[in-house]
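Enquirer: What follows is a single structure, and I will ask about it in a moment.
The values are calculated or read from the model by the stated rules, or taken from the named source; none is laboratory data. Here the structure is a predicted model, which means the values were calculated and not measured. When we count neighbours, we look across all protein chains shown, and the Cβ atoms used for this are built from the backbone with ideal geometry, even at glycine.
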Amino acid sequence: MVCYFSYALNLTAIQKSLIKSIKRLKEEKRAVVLCHNYQRPEIHEIADFVGDSLELCKKAKETDVELIVFCGVYFMAESAAILNPGRKVVIPSKDAGCALSDMITAEALRKEKAKHKGAAVVCYVNSSAEVKAESDVCCTSSNAVEIVRALPNKEILFVPDKNLAKFVAKQVPGKKIIEWDGYCPIHQRLSVEYLLKAKAEHPNAKIIAHPECTQEVLAIADFVVSTSGMLKVAKESDAQEFICTTECGMLSRLQRDLPQKKFFTVCSVCFDMKKITLEAVEKSLRDEQYEVIISPKVREKALAAFEKMFYITDKMRASVATTC
Ligand code: 13P
Ligand code: SF4
């Protein structure tokens, strides 16, 4: 799909009243609403923070409120519960899953690990808590390259996204990356053909792609970045026009935050990301549901993988800051 997206949020009277009620409930319950960039625009309206997976992990880890209402997909809410066990974490739709994270199980990963004894297991956060617990370190779309580069291991078992694995392998040629055969169906279907068509119509536009896209798409992109990275590059670039290829929800965020720039898109909808509605958020706050519960044993091991990710990312970014 190719379209020009212009941001205009026209809320209905019912939505306005739900937003009022949600704001009141947030205060009453000492709650914070964390929201992924792909969520519906009206959910952005009631969020305390909107961001990509890494930013959301950081926020979840740092917050000291009573209740975290996570507007995203299940693995994201699980990550918040792993990172901040002292808080109650709820997700307004308990069946907001992620097709990519469903492409691997802890048992299947254990079998693969046995075949690659010297390899470090790097796990993209789009995975279950059990899979994270079997991994040495987590990564997100915004730090995967840094994490793999920083590890001492020459062999890396990278799970579960083969597209991100291939992207990382290109940036870190000195390492052997063993990829899992998983992918995001939403990004997998974004085609070069449509992108080239959009580029022919808008030759001055820069192409921004998410690293979950295929290698063919990434090869023609000007920037390959996380969802919040898209916002950053569009803001900092001198270019005035962009073709953004990822999940469709990203476009409302870009257009709302950068109204002076023009965005086109070749996108596809992640219906799991759209399962959370204002009604569901209000009910979630009122009834404190659906709580994300993780067994202490799994949590402890998954947390170690997360802590290693934060340690490496902080160290790498601090060293870049001091050398600049
Ligand atoms: P980001 O971490 O880049 O926001 O990506 C999450 C995701 O699920 C992309 O499909
Ligand atoms: Fe998962 Fe793909 Fe949806 Fe992201 S867009 S949440 S990777 S299914």
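Enquirer: Can you name every residue in the range 129-161 that is of a type in the set (Val, Ile, Thr), touching a Leu at 6+ places or on another chain (Cβ under 9 Å), away from ligand 1 (no atom under 14 Å from the Cβ) and over 9 Å from Ala305 (Cβ atoms)?
Expert: Val131, Val159 - these are the residues of the range 129-161 that are of a type in the set (Val, Ile, Thr), touching a Leu at 6+ places or on another chain (Cβ under 9 Å), away from ligand 1 (no atom under 14 Å from the Cβ) and over 9 Å from Ala305 (Cβ atoms).
Enquirer: Another one. In the range 89-133, what residues are closer than 30 Å to Leu278 by Cβ and touching a Lys or Arg at 6+ places or on another chain (Cβ under 6 Å)?
Expert: Hits for the range 89-133 are Ser93, Ala96.
Yes or no, residue by residue, for (1) surrounded by fewer than 19 Cβ atoms within 10 Å (Cβ to Cβ); (2) touching a Cys at 6+ places or on another chain (Cβ under 9 Å); (3) under 21 Å from Tyr124 (Cβ atoms):
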| position | (1), (2), (3) |
| --- | --- |
| Leu190 | no, yes, yes |
| Asp238 | yes, no, no |
| Arg253 | no, no, no |
| Lys261 | yes, no, no |
| Cys270 | no, yes, yes |
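Enquirer: Name the single residue that is nearest to ligand 1 (Cβ to nearest atom) among those in the range 162-210 being small (Gly, Ala, Ser), over 23 Å from Ile243 (Cα atoms) and in contact with a strand residue (DSSP E or B) (Cβ under 9 Å, 6 or more places away or on another chain).
Expert: Here the answer is Gly182.
Enquirer: So, in the range 290-302, exactly how many residues are in contact with a strand residue (DSSP E or B) (Cβ under 6 Å, 6 or more places away or on another chain) and surrounded by fewer than 17 Cβ atoms within 10 Å (Cβ to Cβ)?
Expert: Matching residues across the range 290-302 total 1.
Enquirer: Condition first: among the charged types (D, E, K, R) and crowded, with 21+ Cβ neighbours inside 10 Å. Now tell me which residues in the range 192-218 satisfy that.
Expert: Once the filter is applied, which keeps residues that are among the charged types (D, E, K, R) and crowded, with 21+ Cβ neighbours inside 10 Å, the range 192-218 yields only Glu212.
Enquirer: Give me the residue from the range 187-218 that is among the aliphatic types (A, V, I, L, M) and either under 17 Å from Lys262 (Cβ atoms) or away from ligand 2 (no atom under 16 Å from the Cβ) (or both) and, out of that set, farthest from the chain's Cα centre (by Cα).
Expert: Ala200
Table: residues versus (1) modelled with pLDDT of 95 or more; (2) in contact with a Pro (Cβ under 6 Å, 6 or more places away or on another chain); (3) farther than 18 Å from Leu54 by Cβ.
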{"position": "Ala150", "(1), (2), (3)": "yes, no, no"}
{"position": "Asn153", "(1), (2), (3)": "yes, no, yes"}
{"position": "Leu157", "(1), (2), (3)": "yes, no, yes"}
{"position": "Pro160", "(1), (2), (3)": "yes, no, no"}
{"position": "Phe167", "(1), (2), (3)": "yes, yes, no"}
{"position": "Ile178", "(1), (2), (3)": "yes, no, yes"}
{"position": "His187", "(1), (2), (3)": "yes, no, no"}
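Enquirer: Does Thr227 fit the bill of being polar (S, T, N, Q) and under 16 Å from the mean Cα position of the chain (by Cα)?
Expert: Against the criterion (polar (S, T, N, Q) and under 16 Å from the mean Cα position of the chain (by Cα)), Thr227 qualifies.
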